[in-house]
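What follows is a set of notes on a single structure, which appears directly below.
The values are calculated or read from the model by the stated rules, or taken from the named source; none is laboratory data. Every value quoted in this text rests on a predicted model; they were computed, and no experiment measured them. Glycine also receives a Cβ, built like all others from the backbone with ideal geometry; neighbour counts cover every protein chain displayed.
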Amino acid sequence: AAGKLLIARRKAGLANGGKWEFPGGKLQQGESPEACLEREIAEELGISIAVERPYLLVNHEYPDKSILLISYICRFRGGEW
């Protein structure tokens, strides 16, 4: 899967349902961003990845909050697409 970009379609019925997004999620208490991504990918997509290194950081500012998106270079370890 070298050179591939992983995106997922949001489930219907959720906010922005049907739209495409980079999969991931919110950090749990004491969790690293890398561990969070590996956990979220397994939970949401049923596949296993290994985070190798950060790729790009983007900060989105909203009137009521700020969201930091961290994209990573990862390696596919297994699972069914």
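Couple of notes before you dig in:
- Comparison of Glu44, Glu40, Glu31 shows that the only residue that is part of a loop (DSSP other than H, G, I, E, B) and out of contact with any Asp or Glu (no Cβ under 9 Å at 6 or more places or on another chain) is Glu31.
- Here Arg10, Arg53 are screened, and the one residue that is among the charged types (D, E, K, R), modelled with pLDDT under 95 and in contact with a Phe, Trp or Tyr (Cβ under 9 Å, 6 or more places away or on another chain) is Arg10.
- Filtered residue count, segment 23-37, keeping only those that are in contact with a strand residue (DSSP E or B) (Cβ under 6 Å, 6 or more places away or on another chain) and farther than 16 Å from Arg10 by Cα: 3
- Hits in segment 4-28 (condition: touching a helix residue (DSSP H, G or I) at 6+ places or on another chain (Cβ under 9 Å) and in a loop (DSSP other than H, G, I, E, B)): Leu6, Pro23, Gly24, Gly25, Lys26, Leu27, Gln28
- The one condition in (1) loosely packed, with under 10 Cβ neighbours inside 10 Å; (2) touching a Cys at 6+ places or on another chain (Cβ under 7 Å) that Gly3 fails to fulfil: (2)
- Count - residues of segment 26-42 that are exposed (fewer than 13 other Cβ atoms within 10 Å of the Cβ) and under 11 Å from the mean Cα position of the chain (by Cα): 1
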